Amino acid sequence: MNQRALIAAAAASLLSTMLMATPAVAQEKEKCYGIAKAGQNDCANLAGTHSCAGQSKLSDDAGEWKYVAKGTCAGMKGMTVDQAKMKGKAMMDKPMMDKKS
C-alpha cells in the first residue's frame, strides 16, 4: 500500500470514529424547588395541581422545580424537596388576615 492510500485510509477511519463518538456522560442533576419561572417548570408540582412540564403559573413558586446541576441549587436560592414542603406547610399554617368591610 502506498503512503498516500495509507494516509487516506487513516483519515477516513478517524473521521468515521469521530462521527460515531459516544455521547457525553450525563451530568448529575437534582431537583431545585422555587426557581422555576412561570411556564418553565420541569414536571409535576408538590401540590399535585398539575403533572406536566411547563404548567407552572407563578415564577419562583416553592412547589415548582427544575433540574439543575448537582450542588448548584442553593447558589440559585433554591430549595430541596424537604425545604419546599416545609415552606408550603408554613404558608398553609399561617392565619389568613381578616378582611374588614
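The values are calculated or read from the model by the stated rules, or taken from the named source; none is laboratory data. What you see is a predicted model; the values in this text were computed from it and never measured. Cβ atoms come from the backbone with ideal geometry, glycine included; neighbour counts cover every protein chain shown.
Annotation note: of K89, K99, K70, the sole residue that is modelled with pLDDT of 95 or more, over 18 Å from A38 (Cβ atoms) and of a type in the set (K, R) is K70. Scanning the stretch 63-88 for residues that are under 13 Å from the mean Cα position of the chain (by Cα) and either in a helix (DSSP H, G or I) or of a type in the set (G, A, S) (or both) gives A69, G71, M76, G78.
Checked against (1) within 19 Å of G39 (Cα to Cα); (2) acidic (D, E); (3) more than 15 Å from the chain's Cα centre (by Cα), D60 passes all but a single condition, namely (3).
Suppose we filter G48, G54 for residues that are on the phi > 0 side of the Ramachandran plot, without any contact (Cβ under 8 Å) to a residue 12 or more places away in the chain and either part of a loop (DSSP other than H, G, I, E, B) or not small (G, A, S) (or both); which single one remains?
It is G48.
Please verify whether the stretch 15-34 includes one or more residues that are part of a loop (DSSP other than H, G, I, E, B), buried (at least 16 other Cβ atoms within 10 Å of the Cβ) and modelled with pLDDT of 75 or more. Yes: the stretch 15-34 contains one or more residues that are part of a loop (DSSP other than H, G, I, E, B), buried (at least 16 other Cβ atoms within 10 Å of the Cβ) and modelled with pLDDT of 75 or more.
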